[in-house]
Structures are given as C-alpha cells and as structure tokens.
1. Just to check your reading of the model, which residue among Ile39, Ile7 is within 14 Å of Val99 (Cα to Cα), modelled with pLDDT of 95 or more and not in a loop (DSSP other than H, G, I, E, B)?
2. With among the β-branched types (Val, Ile, Thr), within 27 Å of Arg36 (Cβ to Cβ), in contact with a Cys (Cβ under 8 Å, 6 or more places away or on another chain) and surrounded by fewer than 20 Cβ atoms within 10 Å (Cβ to Cβ) as the only criterion, which of Thr194, Thr174 stands out?
3. Given the condition over 24 Å from Asp112 (Cβ atoms), touching an Asp or Glu at 6+ places or on another chain (Cβ under 8 Å), open to solvent by 50 Å² or more (accessible area, probe 1.4 Å) and assigned to a strand (DSSP E or B), answer yes or no: does some residue in region 45-64 qualify?
4. Would you please name the residue that is nearest to Gln180 (Cα to Cα), looking only at residues in region 9-34 that are in contact with a strand residue (DSSP E or B) (Cβ under 9 Å, 6 or more places away or on another chain), open to solvent by 20 Å² or more (accessible area, probe 1.4 Å) and not aliphatic (A, V, I, L, M)?
5. Check whether at least one residue in region 74-92 is of a type in the set (Ser, Thr, Tyr), free of Cβ contacts under 8 Å to residues at least 60 places away in the same chain, open to solvent by 20 Å² or more (accessible area, probe 1.4 Å) and not in a helix (DSSP H, G or I), and report yes or no.
6. Here's a check for you: in region 119-155, which residue that is assigned to a loop (DSSP other than H, G, I, E, B) and either of a type outside the set (Val, Ile, Thr) or open to solvent by less than 10 Å² (accessible area, probe 1.4 Å) (or both) is farthest from Ala201 (Cα to Cα)?
7. Given the structure, is Val187 of a type in the set (A, V, I, L, M), surrounded by fewer than 17 Cβ atoms within 10 Å (Cβ to Cβ) and either more than 26 Å from Asp138 (Cβ to Cβ) or in contact (Cβ under 8 Å) with a residue 60 or more places away in the chain (or both)?
8. So, in region 197-251, of the ones that are hydroxyl-bearing (Ser, Thr, Tyr) and within 23 Å of Arg19 (Cα to Cα), which residue ends up nearest to the chain's Cα centre (by Cα)?
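The values are calculated or read from the model by the stated rules, or taken from the named source; none is laboratory data. Quick caveat, the model's predicted, so the values are computed rather than measured. No Cβ is skipped: glycine too gets one built from the backbone with ideal geometry, and neighbour counts run over all protein chains shown. With ligands, DNA and RNA removed, areas are computed over all heavy atoms of the protein, side chains included. Shrake-Rupley method; radii C 1.70, N 1.55, O 1.52, S 1.80 Å.
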Amino acid sequence: MTKLDSITIYPIKSLDGVRVDLAPIATRGGFLNDRRWAIVDTSGELVNGKRSPKLQTIRSTFFVDGKQVIFQSDAGEFDMATQADKVARYLSDRLEIEVGLVENEEGGFPDDAQAPGPTIVSTASLETVASWFGISLDECRRRFRPNMEITDVPPFWEERLYGADQPKPFRIGTISFLGQYPCQRCVVPTRESTTGIVTPAFAKTFQNQREASLPDWGARERFDHFYRLTVNTTVDESCWGKSLEVGSDLVEG
C-alpha cells in the first residue's frame, strides 16, 4: 500500500524547509507553520524567490516544537514568536533591501489560494526529474518544494489523484483530501537552489520531457502547458485541527 514517506513545511515562505513527523492541519487546510511567515518590502509587497534570487543564497534551519518555531542562521538563533524583528533585520542585510515579516498563524501564506492544501509528489517523480538535469534528488526537492512525498509507486503516480474535469478524493491516514490539479511552476525551479544561478534551458527541457513522460493515467486535459509538477490539494474542513503522520496509508477514492 502507498504510504506517506515524508512531510516538509516551510515556516518562512521562500526559505528552507524542515521535515516533521507529525503535522497538524491548520485553518484552510494547510499544515500548521507552513509558510506561516512571509517576507514583505516597505510597501507591503511580497518578497519571494520569484522576485529575489538572493533569497536562494540564504540558508536557514528551523526547529519546530508545537506552535514554536526557532530560526537559526549565521547571525544566530531566534524565536520567531518574540524575535521576528531580528530575523527581518538579518534578512534586510542579506537582501540589501529593507524587509519585514508578516505572520498568519492560522492559514499561512499558501502559493495557491484556490488550493491551499499541502502539495504531494512521489519520490520516483523527483528522481526522474533530477535525472533530466543531472542533479541530486535533494536538489530536486529543494527546487520544487513539495509538502508531502510518497514512495513505492512509479514516476508520476500522483497524476492519479485529480480528475480530467473535477477534483478527486483521497485519504492519508485520517485526513481527507481533494486532488485539484497539477501544480504550475514558477521561475524558482530553474535556478540552482543555493546560488540562484539559472540552469540553461531548464523550463523548455522540463516541458518537453514532462509531455513525453506523461503516464496513461495522467489527465492531459489539465495541462495547458507541461511546466507542472506535484499536485495541489484542498483538505476537507472536517479535518482541520487533526494531524497527519508520516507512515500513514494513502487510499484513493
């Protein structure tokens, strides 16, 4: 049976992720602490990887304990609950622009407001994409930033989790999901994850390979273009407040 192999959350949007064994479901269906903070400039506009490649040169480690998130950097260790202003000063120095942090404890700042649940992908899919570019599996993970990873299935098995014209239900443990559509990617995966340097012809190569490798069970109707990877989801409101655990079984339907 297909199992959930890992859960990754990204406490500060566009910065590094952290793996957790247990993830509570927050309001709107995302994981608690996933993209809980976002970086903004003085006008309130979002500063993310799409806008600032310098973000990809910043390394961070997060320690998550319940609702507490500790941010660790080369400038020291900060409790995000009480010292987010110090993190903002550190990021301002690194980005060379003045930025602040805004927080949404309940719903976070999801990449897709229409499908704010966790994204899901198979390890085999990431391995396949990594092979197209001669990069490591971990580098591929850092570029595409999935929340949930499943194993023991063939490449692009996750294409089974959405329909040609409507969402499809599936369950992991006690959490009920709807698979919505394949996730449209931005410029971030085209760059090396720690330097921000662009991989030549990344998007074109990706689209050509993705179209050629779309499995028979993939809903081609959902691909207006093939620069898509992972599946966007929503979580049934009855599951908000419950927790998802690594090792749980995935059941379709």
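1. Values: Ile7 fails: within 14 Å of Val99 (Cα to Cα).
The conditions single out Ile39.
2. Working: Thr194 fails: in contact with a Cys (Cβ under 8 Å, 6 or more places away or on another chain).
Just one listed residue meets the conditions, Thr174.
3. The answer is yes, given that some residue of region 45-64 is over 24 Å from Asp112 (Cβ atoms), touching an Asp or Glu at 6+ places or on another chain (Cβ under 8 Å), open to solvent by 50 Å² or more (accessible area, probe 1.4 Å) and assigned to a strand (DSSP E or B).
4. Among those residues, the one meeting the criterion is Arg28.
5. No, region 74-92 contains no residue that is of a type in the set (Ser, Thr, Tyr), free of Cβ contacts under 8 Å to residues at least 60 places away in the same chain, open to solvent by 20 Å² or more (accessible area, probe 1.4 Å) and not in a helix (DSSP H, G or I).
6. Filtering region 119-155 down to residues assigned to a loop (DSSP other than H, G, I, E, B) leaves 119, 134-136, 145-147, 152-155.
If we keep only those that are either of a type outside the set (Val, Ile, Thr) or open to solvent by less than 10 Å² (accessible area, probe 1.4 Å) (or both) too, we end up with 134, 136, 145-147, 152, 154-155.
Values: Gly134: 14, Ser136: 18, Arg145: 20, Pro146: 22, Asn147: 26, Asp152: 31, Pro154: 26, Pro155: 22 Å.
The residue in question is Asp152.
7. Details: of a type in the set (A, V, I, L, M): yes; surrounded by fewer than 17 Cβ atoms within 10 Å (Cβ to Cβ): yes; either more than 26 Å from Asp138 (Cβ to Cβ) or in contact (Cβ under 8 Å) with a residue 60 or more places away in the chain (or both): yes.
Spelling it out, Val187 is indeed of a type in the set (A, V, I, L, M), surrounded by fewer than 17 Cβ atoms within 10 Å (Cβ to Cβ) and either more than 26 Å from Asp138 (Cβ to Cβ) or in contact (Cβ under 8 Å) with a residue 60 or more places away in the chain (or both).
8. Of all residues in region 197-251, those hydroxyl-bearing (Ser, Thr, Tyr) come to 199, 205, 213, 227, 230, 233-234, 238, 243, 248.
From what is left, the residues that are within 23 Å of Arg19 (Cα to Cα) are 230, 233-234, 243, 248.
Working: Thr230: 9, Thr233: 11, Thr234: 14, Ser243: 18, Ser248: 19 Å.
Filtering first and then ranking leaves Thr230.
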